[in-house]
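Engineer: Handing you this structure, nothing more for now.
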């Protein structure tokens, strides 16, 4: 998924502020869910982020043309992971990350649905 870098993403040093990368991951995650979870509204998915990790490899500058790649990298009983890379079209990686995600009902964790497990088996990446 292509990311449009906005002027307010840039800090005074001229590169994308590190706090923006979580928002870029969110764009990738929502795009993935719309495409593969068969959902059109955030209300269709009751999911929370339990953990987020980011590893920065190089700065993203305003003029860089970047993409977020998103895939499900692990499925457990009550949680699953989305993994991400922020990269350019040549494959240069700027950031790698992961979120641990939990489905909830009435505020309590529930088992990961089978359709999520099936996505890992099919190894779908966007």
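Engineer: Mind checking which residues of the range 88-102 are surrounded by fewer than 18 Cβ atoms within 10 Å (Cβ to Cβ) and either touching a residue at least 12 places away in the same chain (Cβ under 8 Å) or closer than 15 Å to residue 28 by Cα (or both)?
Structural biologist: Restricting attention to the range 88-102, the residues satisfying the condition of being surrounded by fewer than 18 Cβ atoms within 10 Å (Cβ to Cβ) are 88-93, 96, 98, 100.
Passing the criteria: 88, 89, 92, 93, 96, 98, 100.
Engineer: Tell me which residues, restricted to the range 36-49, are outside any loop (DSSP other than H, G, I, E, B), out of contact with any strand residue (DSSP E or B) (no Cβ under 6 Å at 6 or more places or on another chain) and either surrounded by 15 or more Cβ atoms within 10 Å (Cβ to Cβ) or modelled with pLDDT of 90 or more (or both).
Structural biologist: Within the range 36-49, just 36 meets the criteria.
Engineer: (1) within 16 Å of the chain's Cα centre (by Cα); (2) in contact (Cβ under 8 Å) with a residue 24 or more places away in the chain; (3) surrounded by 16 or more Cβ atoms within 10 Å (Cβ to Cβ): which one isn't true of residue 33, the others all being true?
Structural biologist: Looking at each condition in turn, residue 33 falls short on (2).
Engineer: Given the structure, is residue 8 farther than 27 Å from residue 112 by Cβ and in a helix (DSSP H, G or I)?
Structural biologist: The answer is yes for residue 8.
Engineer: Which one of the conditions (1) more than 21 Å from residue 26 (Cβ to Cβ); (2) assigned to a loop (DSSP other than H, G, I, E, B); (3) in contact with a strand residue (DSSP E or B) (Cβ under 7 Å, 6 or more places away or on another chain) does residue 64 fail to meet, given that it meets all the rest?
Structural biologist: Residue 64 satisfies every listed condition except (1).
The values are calculated or read from the model by the stated rules, or taken from the named source; none is laboratory data. Keep in mind that this is a model prediction, so the values were computed, not measured. For neighbour counting, all protein chains shown are included, and Cβ atoms are generated from backbone atoms with ideal geometry for every residue, glycine included.
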